[in-house]
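K.L.:
What follows is a single structure, and I will ask about it in a moment.
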Amino acid sequence: MSTSALPAFDPATLPSGQYVGGRFSDGSGPDDVVVTNPATGEVVRTFASATSADVREAVTAAARAYPEWSGATPAERSTA
């Protein structure tokens, strides 16, 4: 049985911000959201917080997507 090592995890390759309407973007709030690795305390990402307008945009996008998304199979959702 052969085993292969998993590739090293690089948090810099992850998108940041809020995922709204099919894309990632920073919020427009005045505060920073700091994401840390709980195992090491290392800061992984920092991005702008969301405002109430950002939340309204996210809720509107979710409501638009719901009819199609709710009918998707788990396999179809896994490719989104």
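K.L.:
Considering each of Ala53, Ala65, Ala12, Ala5 in turn, give the residue that is in a helix (DSSP H, G or I), among the hydrophobic types (A, V, I, L, M, F, W, C) and surrounded by fewer than 10 Cβ atoms within 10 Å (Cβ to Cβ).
P.N.:
Working: Ala53 fails: surrounded by fewer than 10 Cβ atoms within 10 Å (Cβ to Cβ); Ala65 fails: surrounded by fewer than 10 Cβ atoms within 10 Å (Cβ to Cβ); Ala5 fails: in a helix (DSSP H, G or I).
Answer to the selection: Ala12.
K.L.:
A follow-up question, please. Sort out which residues of region 26-80 are hydroxyl-bearing (Ser, Thr, Tyr) and in contact with a strand residue (DSSP E or B) (Cβ under 6 Å, 6 or more places away or on another chain), and write them in order of number.
P.N.:
Narrowing region 26-80 to residues hydroxyl-bearing (Ser, Thr, Tyr): 28, 36, 40, 46, 49, 51-52, 60, 66, 70, 73, 78-79.
The answer is Thr36, Thr46, Ser49.
K.L.:
Shifting gears a bit: Could you list all residues from region 70-80 that are modelled with pLDDT of 90 or more and either open to solvent by less than 90 Å² (accessible area, probe 1.4 Å) or within 17 Å of the chain's Cα centre (by Cα) (or both)?
P.N.:
Applying the first criterion (modelled with pLDDT of 90 or more) to region 70-80 yields 70-76.
Passing the criteria: Ser70, Gly71, Ala72, Thr73, Ala75.
K.L.:
Can you tell me which condition Arg23 does not meet? The list is (1) under 21 Å from Arg77 (Cα atoms); (2) out of contact with any helix residue (DSSP H, G or I) (no Cβ under 6 Å at 6 or more places or on another chain); (3) surrounded by 11 or more Cβ atoms within 10 Å (Cβ to Cβ), and all the others hold.
P.N.:
The one condition Arg23 does not meet is (3).
The values are calculated or read from the model by the stated rules, or taken from the named source; none is laboratory data. Quick caveat: nothing in here was measured; it's all calculated off a predicted structure. Positions of Cβ are backbone-derived with ideal geometry, glycine not excepted, and every protein chain shown enters the neighbour counts. Just the protein is used for accessible areas: all its heavy atoms, side chains included, with ligands, DNA and RNA removed. Shrake-Rupley method; radii C 1.70, N 1.55, O 1.52, S 1.80 Å.
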